[in-house]
1. Scanning the stretch 461-485 for residues that are hydroxyl-bearing (S, T, Y) and in contact (Cβ under 8 Å) with a residue 40 or more places away in the chain, which turns out nearest to V417 (Cα to Cα)?
2. Looking at (1) closer than 20 Å to I505 by Cβ; (2) at pLDDT 85 or above, can you tell me which one G449 breaks?
3. Say whether the condition of being assigned to a helix (DSSP H, G or I) and either surrounded by fewer than 19 Cβ atoms within 10 Å (Cβ to Cβ) or in contact (Cβ under 8 Å) with a residue 24 or more places away in the chain (or both) is met by at least one residue in the stretch 686-701.
4. May I ask you to verify whether R714 is closer than 17 Å to I627 by Cβ, touching a helix residue (DSSP H, G or I) at 6+ places or on another chain (Cβ under 9 Å) and surrounded by fewer than 18 Cβ atoms within 10 Å (Cβ to Cβ)?
5. Being in the same structural domain as S482 (by TED's automatic domain parsing), in a helix (DSSP H, G or I) and either crowded, with 21+ Cβ neighbours inside 10 Å or in contact (Cβ under 8 Å) with a residue 40 or more places away in the chain (or both) is the requirement here; does N510 meet it?
6. Tally the residues that are surrounded by 23 or more Cβ atoms within 10 Å (Cβ to Cβ), touching a helix residue (DSSP H, G or I) at 6+ places or on another chain (Cβ under 8 Å) and under 21 Å from L194 (Cβ atoms), restricting the search to the stretch 259-299.
7. Mind listing just one residue for me: the one in the stretch 646-678 that is closer than 24 Å to Q427 by Cβ and free of Cβ contacts under 8 Å to residues at least 60 places away in the same chain and, of those, surrounded by the most Cβ atoms within 10 Å (Cβ to Cβ)?
8. Just the residues that are free of Cβ contacts under 8 Å to residues at least 12 places away in the same chain, in a helix (DSSP H, G or I) and among the acidic types (D, E), please, taken from the stretch 630-645.
Amino acid sequence: MSSRQDGFSGDNKLAINKALTSSVDDNPLGWVCALPKEQTAATAMLDEIHPHLPKPPSDPNTYTLGCIGRHNIVIACLPKGQYGTNSASAVATRMVGTFPSIKVGLLVGIGGGIPPKVRLGDVVVGTPVNQCSGVVQWDLGKAEAEGGFKRTGVLNNPPTALLTALTKLETMHEMSGPKIYQYLDDMGQKWPRLMPKYTRCDSLVDPLSGSDNCARESQHGEGHVHYGLIASGNQVIKDAHFRDNLNKSLGGNILCIEMEAAGLMNNFPYVVIRGICDYADSKKTKSWQEYAAAVAVAYSKELLEYVQPSDVDGERPVKDMLGDVLECVSRTETNVETMKSNFDRKGELDILEWLTPIDYGPQHSDNLKRRQSGTAQWFLDSAIYQAWMSSNKQRLFCPDDITARFLHDKSVGIAYVYCDFRRQNEQSAEALITSLLKQLSQCRPSLPGIVRSLYDRHRHRRTRREFDEISTTLRSVGAMYSRVFIIIDALDECQTSNNCRTRFIKEILNFQATCGGNTFATSRFIPQITERFKDCMTLEVRAHDQDVREYLRSRILQCESRLLASHSEEIQTEITKAVDGMFLLAQLHFDAVKSKKTTKRVKEALKGLAKGSEAYNDAYEDLMQRIEGQDRDSRKLAHDALSWINSATRPLNTLELQHALAVEAESEFDRDNIPFLDDIISVCAGLVTVDEESDVIRLVHYTAQEFFQRTWTRWFSDAHHGIATACVTYLSFDPFKAGPCSTDMDFEARLDTYPLFSYAARNWGHHLVLKDGIS
């Protein structure tokens, strides 16, 4: 018998378990390393090593499979010689594509410490601090006036399943100390060849140990575990002065500097664990790297003792959260270097902004996040959709609204608009066509020359571009793609004044005829719209029962209510029957049921569910009655919030609304009167929602707006009076009595400090006019 199996020595005490029938569906934890020595430490710390599994030819990653305790582990390392956030993101994304059941992960390896808080051989764990997620991308941002730099690298928090385990582990360390060094001893016994470098540090020298009497004792150095902020970027730092200035710019909260974490955080829910191997200064050496990697891995193993498999099962699969990223990552990787070399990004972004400042990207991203995993597959599999995807010059008309989030093909250009009854002032026919032009232009490797020519022709002469010019330019840019998809959501909400909707549809049809593009439009049944699409493919979009049940099952699990869980099947069945394919009703009905506190009340609510054509109206009536039944303060907060959301001339972001609701008849703004956003959403009983990407707070659906338009005088008859008063009061606060700001920087600071200032200054007169009934 051979003395080697899967490349590992048969003389060690680690069982190489080949009998275990692992599969890619075992809900493994993803484990990403940047260096081979980090991968060595991770592999050596496994309790068992599993056989290799087949992987797609398109995935160049190499995986090590195994387990630690009750957790299956998938380990991947960056390619030899590659570093940084982009490489880490690519490896993690491919890992999730090959192992789609991965839900959480670990990024384990080495990093540079920030003295004197952190010393060589310590462990740093990235955890949320103030407004930061635990990892900040220090080199992502924008240059500002007078040499300033504003960081924009905002990243997601680690998953809850790992954060709660970290809390428990920290407590156990306080009580009984860490097991890190026990695990290092175990690893040295199992893998004797690793012992000199990976499990002992008694021969290593800490250059700071002699300067502050902080020399480590014992063969392991007895390092410490720190929790806090990790700075991540694409640049190796070997300068103590630069390091300290970076730390100072981030409030002195940085514990560690590394090069991979920011590439994963937004698309891969994980925690970063770093062993400290240097101080990110000119004395940076590699002597501590193996030991630092080993202590980080040992800490990770101990952490997994406190991560329950059931907690991991409750997290969403990473692949669902990645969504579009997985399908277009290969295109992004091949294009990014071309874009960097060809683009004068500053000038080209100025031109794109000149075309239109309107950006549907945040709304598109919010829609992707709201997608319920496992639903709408019937739509993608339908013969009509498949025929539309595979042919050119096709139109697909879908009554009712559905986001066209599934349409991605790396060989085509995609542009989309979301018509919105609340944004009609900025959604003229010209604005909509210009937005499509901007999207198709910015997806090219370099800005199309015809767009630059349009800019040069009008910008320098300060002339106004014509609708026909925009249309001609759009057709020219569209012709640069092999295929083009135009997605128009909620076409029925496009304004009809000035013949806007008719002109827009006509131009889209002309574009399709000229460029061979495909059009995907969603709308309610409006005769004027359906007539224009009468010869195209039509697919009625209704929520299938299985989709509704999957949504309800997910909501019940999220509530963590024993009462709802005990009636799960009944709730799913009764609500599914009541909604009759209207997905929003499922949300509204569930919001009504989930507030019940006894079995009797749940059953009564299920029996009284509204059905048929008046179901929306009845559901909104019920929600308003729930609001009316709240305590006085909650009722007032809900009425004021809904008044602003319904009456504002444009959508408000969350800070604007919070300031609006805090205004009192005083000489200064009292920040102690600002209501919490969660309270605002809660008292509104499911009628409002927040778009996370754009931070806009809005009504849950256009049918809610229609309901309030019909019943306005019952709920908000004096809304404009209250809003006008609040705007004038806000503008009269003492800080504004000094007059206009002297510099742009001062003005920006004013807007940051008083978010409602811009809206109040522009719109107080509008509300005053409506308050007095002046035409």
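1. Quick first cut of the stretch 461-485, residues hydroxyl-bearing (S, T, Y) only: 463, 471-473, 476, 481-482.
If we keep only those that are in contact (Cβ under 8 Å) with a residue 40 or more places away in the chain as well, we get 471, 481-482.
Values: S471: 16, Y481: 19, S482: 21 Å.
Here the residue is S471.
2. Here G449 clears every test but (1).
3. Narrowing the stretch 686-701 to residues assigned to a helix (DSSP H, G or I): none.
Within the stretch 686-701 (the criterion being assigned to a helix (DSSP H, G or I) and either surrounded by fewer than 19 Cβ atoms within 10 Å (Cβ to Cβ) or in contact (Cβ under 8 Å) with a residue 24 or more places away in the chain (or both)), the answer is no, since none of the residues qualifies.
4. Working: closer than 17 Å to I627 by Cβ: yes; touching a helix residue (DSSP H, G or I) at 6+ places or on another chain (Cβ under 9 Å): yes; surrounded by fewer than 18 Cβ atoms within 10 Å (Cβ to Cβ): yes.
Criteria met by R714.
5. Numbers: in the same structural domain as S482 (by TED's automatic domain parsing): yes; in a helix (DSSP H, G or I): yes; either crowded, with 21+ Cβ neighbours inside 10 Å or in contact (Cβ under 8 Å) with a residue 40 or more places away in the chain (or both): no.
In short, no.
6. Final tally of qualifying residues: 14.
7. This residue is L657.
8. Filtering the stretch 630-645 for residues free of Cβ contacts under 8 Å to residues at least 12 places away in the same chain gives 631-633, 636.
After this cut, where a residue has to be in a helix (DSSP H, G or I) as well, the list is 632-633, 636.
Scanning the stretch 630-645 gives a single hit, D633.
The values are calculated or read from the model by the stated rules, or taken from the named source; none is laboratory data. Not measured: the values here are computed from a predicted model. Cβ atoms come from the backbone with ideal geometry, glycine included; neighbour counts cover every protein chain shown.
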